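Note sheet for the following structure.
The values are calculated or read from the model by the stated rules, or taken from the named source; none is laboratory data. Being a predicted model, the structure only gives us computed values, none of them experimental. Positions of Cβ are backbone-derived with ideal geometry, glycine not excepted, and every protein chain shown enters the neighbour counts.
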Amino acid sequence: MLLEIRDIQVHYNGVAALKRVSIEVPVDGIVTIIGANGAGKSTTLRAVSGLTAISSGEIWFDGARIDTLPPDKVVARGIAQVPEGRRIFPDLTVEENLRTGAYLRTDAAAVERDLDGIFVRFPRLKERRRQWAKTLSGGEQQMVAIGRALMAKPRLLLLDEPSMGLAPVVILEIARIIKEIVANGVPVVLVEQNAELALGLANYAYVLETGTVSLHGASRDLHENEHVKRAYLGV
Ligand SMILES: Nc1ncnc2c1ncn2[C@@H]1O[C@H](COP(=O)(O)OP(=O)(O)OP(=O)(O)O)[C@@H](O)[C@H]1O
Ligand SMILES: [Mg+2]
């Protein structure tokens with residue numbers, strides 16, 4: 001496994017947000033974490049990225065323990081996160097936003113090549129490279145957030161609700177981009193409230209309910225699971 005979350009707990013002011021959560025992510029494909037508001041999805045990703053401290057358990061990435069590392073060291077190991085709500089810099093241009101993703105890198109020539117690569121993958125961003133990020137549409141801002149994470153040259157990409165607030169046709173475009181990233185060899189952990197989308201994209205899925213993994217399995221099996229259908233697919 002590339003990433004192993006082993007039995008982690010997270011507490012906020014003494015209240016458990018995650019209770020013994022274990023999740024495994026292989027070296028390829030998409031693992032999704034679905035769940036309702038407040039289930040602990042973002043907390044799980046933030047724990048992996050070193051943004052939220054765990055109170056017990058362990059997190060391993062590529063054979064090394066990472067749960068004691070600060071966020072910049074986690075990025076340096078190869079884990080990039082696209083946070084919930086995108087969190088791009090509104091008063092920087094598209095290109096400046098993308099460059100911030102490479103702030104830990106010292107391979108300047110490769111950074112320029114990768115920036116060109118991002119503009120090939122996201123032609124809409126190339127047209128708007130000198131535009132302030134705040135002037136972009138929601139879908140374009142999500143592309144900037146994903147592009148910025150890719151500029152870190154990650155070996156694992158964590159996506160926190162990339163479909164949030166986007167129109168169906170834009171969600172399809174983001175889904176296509178996610179598939180392309182995986183096809184290019186970067187595995188993805190996809191957190192989503194949109195279970196239909198997530199189960200359609202992912203190979204394997206975890207259902208998080210009030211801080212606990214209540215179910216996990218192949219996405220196509222969970223898609224047929226009666227509880228998942230009723231609680232998350234609106235069937
Ligand atoms: N910084 C914080 N301080 C205190 N409580 C927090 C903090 N962040 C999250 N929580 C609580 O932890 C629980 C899990 O929150 P989390 O944001 O991980 O859920 P989520 O599954 O990402 O929800 P959503 O789908 O709404 O984004 C919630 O009860 C939330 O109120
Ligand atoms: Mg969240």
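Tabulated results
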{"quantity": "Candidates E192, E196, E209, filtered to the one that is under 13 Å from the mean Cα position of the chain (by Cα) and acidic (D, E)", "calculated": "E192"}
{"quantity": "Residue within the stretch 10-18 that is touching a strand residue (DSSP E or B) at 6+ places or on another chain (Cβ under 6 Å), within 16 Å of ligand 1 (Cβ to nearest atom) and under 24 Å from K179 (Cα atoms) present", "calculated": "no"}
{"quantity": "Where V188 falls short, out of the listed (1) surrounded by 13 or more Cβ atoms within 10 Å (Cβ to Cβ); (2) not assigned by TED's automatic domain parsing to the domain that holds I33", "calculated": "(2)"}
{"quantity": "Qualifying residue in the stretch 42-53 (condition: away from ligand 2 (no atom under 16 Å from the Cβ) and surrounded by fewer than 22 Cβ atoms within 10 Å (Cβ to Cβ))", "calculated": "yes"}
{"quantity": "Test result for I59, closer than 20 Å to P162 by Cβ and either assigned to a strand (DSSP E or B) or of a type in the set (A, V, I, L, M, F, W, C) (or both)", "calculated": "no"}
{"quantity": "Residue list for the stretch 151-203, filter: away from ligand 1 (no atom under 16 Å from the Cβ), charged (D, E, K, R) and assigned to a helix (DSSP H, G or I)", "calculated": "E173, R176, K179, E180"}
{"quantity": "Output for the stretch 158-178, where each listed residue is over 20 Å from L233 (Cβ atoms), in contact (Cβ under 8 Å) with a residue 40 or more places away in the chain and either charged (D, E, K, R) or not assigned by TED's automatic domain parsing to the domain that holds I23 (or both)", "calculated": "D160"}
{"quantity": "Exclusive hit being more than 30 Å from V228 (Cβ to Cβ), outside the structural domain of I177 (by TED's automatic domain parsing) and touching a strand residue (DSSP E or B) at 6+ places or on another chain (Cβ under 9 Å), set D62, D116, D91, D107", "calculated": "D91"}
{"quantity": "Members of the stretch 80-110 that are among the hydrophobic types (A, V, I, L, M, F, W, C) and crowded, with 19+ Cβ neighbours inside 10 Å", "calculated": "A80, V82, I88, V94, L98, A102"}
{"quantity": "Hey, A17 more than 23 Å from S219 (Cβ to Cβ), within 16 Å of ligand 2 (Cβ to nearest atom), assigned by TED's automatic domain parsing to the domain that holds A198 and in contact (Cβ under 8 Å) with a residue 60 or more places away in the chain or not", "calculated": "yes"}
